[in-house]
Amino acid sequence: MMNAVPPADNHVPSQWSWDADDGDMDRTCARAVELGLPSIAFTEHADWVRGETAVFDAAGYFECLERCRAAYPDLRILSGVEMGEPHWFPERVATLLAAGFDRVLASMHCIEWEGRTTDAAHRGFLTSDAVDGMFRKYLGEVLAMVESDVPFEVIAHLDYPKRYWPDQPAYDDAPFEGEFRAVLRAAARRDLALEVNTTRGRDPARYLCPGPVVLGWWCEEGGKAVSFGSDAHSVEHVAAGFHLAQDMVTAAGFKAHDDPLAFWTR
Ligand SMILES: [Zn+2]
């Protein structure tokens, strides 16, 4: 069942992010209006682990955001940031967040493995023989991030390495239940929102991050809120896959609010 109004897309980088060359804030707003989205958050990457060039220019970004707000008065355009590995960079986080953002997402993209810090998206990094240990290490880092006192409100793509999983062994949530539940319990204690990331609308069986099993654990561990994010790095992927995410989230007992800016809750 589709809700009349789709959820806000709370995770969209634009051209201000180092990895979104096809991003276009203005055209993305036009697309969001076309789709009837109540709100969109432009969450730019701050990936300190990759060096200062992977942290967006906040002054230029806010100017661009204001131009779009003036051009699209009926769309609620939120400012935002997706901080990578923020608990490794608490001072830089404090400096960045002083600018004031409506949506603050925290993500793990990288893990330290055999002396190197590598993004799980790095082609060939997650190998069949090591992926089990790598993912446990990854979830341990997510737990450290959630248990840190770095301020944020949403955990983005909790099971990010799933997107880059090797063909064998097939991905399964079950062996990692203990690690997932530890993260989810800590997140519920902090009153965080769990993002359902639709990975730009790719195959939902593999690319809804997280999927229904982990979402069920979120409920059991006391999680109250869900945020929707397409992670669109180009205009045509805004809100892609949202109908499937909505079905899953609704089945887990979450509901939309009258206020379209609010997270879905249960
Ligand atoms: Zn991310």
task: State the Cα centre-to-centre distance between region 166-211 and region 236-264 in whole Å.
output: 16
query: Of the peptides 117-127, 216-226, how do they stack up when ordered by the mean number of other Cβ atoms within 10 Å, highest first?
result: 216-226, 117-127
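Sort the following peptides by mean Cβ neighbour count (other Cβ atoms within 10 Å, averaged over residues), highest first: 57-70, 7-20, 26-39. Each step should come with its number before you reach the end.
Details: 57-70: 14.5, 7-20: 23.7, 26-39: 18.1.
Result, highest mean Cβ count within 10 Å first: 7-20, 26-39, 57-70.
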statement: Under the rule rounded for a/c under 1.5, else prolate if a/b exceeds b/c, else oblate, using alpha carbon gyration tensor axes a ≥ b ≥ c, region 227-266 is classed as oblate
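Between rounded, prolate and oblate, where does region 74-202 land on the alpha carbon gyration tensor, with a ≥ b ≥ c its root eigenvalues, rounded for a/c under 1.5, else prolate if a/b exceeds b/c?
Working: a/c = 1.70, a/b = 1.58, b/c = 1.08.
Prolate is the answer for region 74-202, as a/c is 1.5 or above and a/b outweighs b/c.
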- prompt: Do you know the relative contact order of region 7-89, to the nearest whole percent, from alpha carbon pairs under 8 angstrom that are 6+ apart?
  reply: 35
statement: Counting only residues 5 or more apart in sequence or on a different chain, those whose built amide H sits under 5 Å from that of L78 are I40, A41, F42
- prompt: For the charge dipole of region 31-125, defined by +1 on Lys and Arg C-beta atoms and -1 on Asp and Glu C-beta atoms about the Cα centroid, which residue among F56, T117, V93 has the Cα displaced farthest towards the positive pole?
  reply: F56
- request: Using only the Cα atoms of region 1-157, build the gyration tensor, take square roots of its eigenvalues as a ≥ b ≥ c, and label the shape rounded, prolate or oblate: rounded if a/c is under 1.5, else prolate if a/b is larger than b/c, else oblate.
  value: prolate
message: Sorting check: for 164-170, 107-113, 193-199, which peptide has the highest mean count of neighbouring beta carbons within 10 Å, and how do the rest follow?
response: 193-199, 107-113, 164-170
field: Antiparallel DSSP beta bridges within the chain, as percent of all bridges there, nearest 5
entry: 25
message: Only Cα pairs within less than 10 Å get springs; with that Gaussian network setup on the chain, which residue of D24, D129, D173 has the largest fluctuation?
response: D129
statement: For F101, the net charge from surrounding residues (Cβ-Cβ under 11 Å; K, R +1; D, E -1) works out to -3
field: ³J(HN,Hα), Karplus 6.51/-1.76/1.60, whole Hz, each residue of region 51-58, x for Gly, Pro
entry: x, 5, 6, 9, 10, 6, 7, 5
- prompt: How much accessible area does F263 have with a 1.4 Å probe, in Å² rounded to the nearest 10?
  reply: 40
query: Mind checking the dipole of region 31-157: about its Cα centre, +1 per Lys or Arg Cβ, -1 per Asp or Glu Cβ, Debye to the nearest 20?
result: 280
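If H243, H233 are ordered by their accessible area, calculated over protein heavy atoms with a 1.4 Å probe, which sequence runs from highest to lowest? Write down the numbers at each step before the final one.
Details: H243 95, H233 30 Å².
Descending order: H243, H233.
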- request: Considering Cα pairs under 8 angstrom that are at least six residues apart, work out the relative contact order of region 205-266 and quote it in whole percent.
  value: 34
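Among residues other than L192 whose Cβ falls under 15 Å from its Cβ, what is the net charge (Lys/Arg +1, Asp/Glu -1)?
Details: positive: R103, R181, R185, R189, R190, K224, R266; negative: E82, E147, D149, E153, D191, E195, E221.
Taking every other residue near L192 into account, the sum is 0.
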message: How big is the dipole moment of the chain about its Cα centre under a simple scheme where the beta carbon of each Lys and Arg is +1, that of each Asp and Glu is -1, and everything else is neutral? Debye, nearest 20, please.
response: 460
message: I need the fraction of alpha carbon pairs in the chain separated by more than 28 Å, rounded to a whole percent.
response: 30
Surface/4 estimate of mean projected area, convex hull on alpha-carbon atoms of region 2-84, nm²: 5.6
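The values are calculated or read from the model by the stated rules, or taken from the named source; none is laboratory data. Values in this document were obtained by computation on a predicted structure and should not be read as measured data. Note that each Cβ is placed from the backbone with ideal geometry, even for glycine, and that neighbours are counted across all protein chains shown. These accessible areas exclude ligands, DNA and RNA; they are computed on the full protein's heavy atoms, side chains included. Shrake-Rupley method; radii C 1.70, N 1.55, O 1.52, S 1.80 Å.
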